[in-house]
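Have a look at the structure below before the remarks.
Where a number appears in this text, it was derived from the coordinates with a stated rule and is not lab data. Predicted, not measured: the structure shown is a model, and the values here were computed from it. All Cβ positions, glycine included, derive from the backbone under ideal geometry; neighbour counts span all protein chains shown.
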Amino acid sequence: MAASHNLNLCSQGTALKALFTGYLIVVAIGYMMALVQIQFTHGMADGEFGLSVDDIVYSYYGKRSSSVLEAKLNGSMQVMAPDEDRAKIINWVHQGADEQAFFDSGIRQVMDNRCIMCHSAESGMPIPDFTEFENIAPRAETDTGASFSSLARVSHIHLFGISFIFMFVGLIFSLAAGVPKALKATVIVMPYIFLIVDIASWWLTKLNPNFAWLVIIGGGSMALSFAFMWIVSMYEMWIMPRNRDDNRDALLDE
Ligand code: HEC
């Protein structure tokens, strides 16, 4: 029997330590699985293994230059139309390649003047017939990354789920007696702040690819505070008691 039972991790009984430890270990494995899953869903977005800023841009903002139409207009079809007309078409692609806008903003006319002498059934060339909008639309489709509905779905799952995980990790860590008050409060609140930063940055990256680095800062800082709380809690439960008794009260002796 321990000499004193103060409110700190060090002097808890084995049952509570076992409960805390079991939880912390399973949550840590869950965290690692999440990192593996990120590698599969986002890590390969740029065609190379490993998570990079490009992956995040492609995942949330999309690979907006990847439509065939734009690639060709900057490639083998560049000589077919003056810059002004090519810009018009590319602009239309960037705005979502809307069918109504195809006619209203003069894209139909540009194509009639510049493209269909080759891109039509009459030319006899074995290339897509651009007199039909149906043949243009699939070539104008841009990869705009994650949809707003999928972002909303993933965001609310993460906000609810991760805040729950950090509630318990933070509660356990709050019983660590050896961490100065200010540092402890900071480490406990950090995951919540960076969770919001992380998720907000998905939406911001969807709108502007320059925010991709914020996704990394948000996610990385969250992982750092998780690791800190995990290690300190484990240390105070299992290693510290071997060396000494702890008669401090982690919650009151601040
Ligand atoms: C002088 C004939 C000619 C003109 C004019 C022309 N193209 Fe092409 N286009 C081709 C040929 C030949 C190919 C197939 C070879 C290639 O992909 O470079 C092609 C291929 C393409 C493709 C790829 C189609 C696919 O899915 O494989 C696109 C997109 C395209 N052209 C767009 C345009 C646009 C837009 C214009 C007008 C600004 C235009 N082209 C004008 C001859 C032409």
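One Cα centroid belongs to segment 132-176, the other to segment 6-67; the line between them spans 14 Å.
Taken along the Cα-to-beta-carbon direction at a fixed 7 Å, the label points for ILE231 and TYR23 span 2.2 nm.
Here LYS184 is the anchor, and the aspartates and glutamates within straight C-alpha reach of less than 15 Å, apart from those fewer than 8 places off in the same chain, are GLU236, ASP249, ASP253, GLU254. With θ taken as phi - 60° and the Karplus curve 6.51 cos²θ - 1.76 cosθ + 1.60 applied, the whole-hertz 3J(HN,Hα) list for segment 34-41 is 4, 5, 5, 5, 4, 4, 6, 7 Hz, x standing for glycine and proline. Our summary of shape: the Cα atoms of segment 109-181 have principal axis extents of 82, 22, 21 Å, ordered from largest down, in whole angstrom.
The simple spin-label model puts a point 7 Å past each Cα toward its Cβ; for PHE148 and ALA223 those points are separated by 3.1 nm.
Taking a straight line from the alpha carbon of LYS63, these lysines sit under 24 Å away, with near neighbours fewer than eight places off in the same chain left out: LYS72, LYS88, LYS206. In the Gaussian network model of the chain, springs joining C-alpha atoms below 10 Å, which of VAL179, VAL187, VAL197 carries the largest mean-square fluctuation? Checking each option, the largest mean-square fluctuation is seen for VAL179. The convex hull around the C-alpha trace of segment 68-140, projected and averaged over every direction, spans 4.3 square nanometres. Contact order for the chain, expressed relative to its length and based on alpha carbon pairs under 8 Å spaced 6+ residues apart, stands at 30 percent. Projecting the Cα atoms of VAL93, PHE133, MET80 onto the charge dipole of segment 68-140, computed from C-beta unit charges around the Cα centre, puts MET80 farthest toward the positive end.
Restricting the calculation to Cα atoms, segment 34-161 yields a radius of gyration followed by a Dmax of 18.4, 59 Å.
For the chain, the 222 nm mean residue ellipticity estimated from helices alone, with every DSSP H stretch of n ≥ 4 adding -39500 (n - 2.57) and the total spread over all residues, rounds to -19000 deg cm²/dmol. With springs only between Cα atoms under 10 Å apart, run a GNM on the chain and tell me which of SER150, SER59, SER174 wobbles the most. Most flexible of the set in this elastic network: SER150. For the chain, the Stokes-Einstein estimate of translational diffusion at 4 °C and a viscosity of 1.567 mPa s comes to 58 µm²/s, using the Kirkwood hydrodynamic radius over alpha-carbon pairs. From the phi of every residue in segment 101-109, what ³J(HN,Hα) in whole Hz does the Karplus formula 6.51 cos²θ - 1.76 cosθ + 1.60 yield, where θ is phi - 60° and glycine or proline is x? Those phi angles translate into 5, 4, 7, 5, 9, x, 6, 4, 5 Hz.
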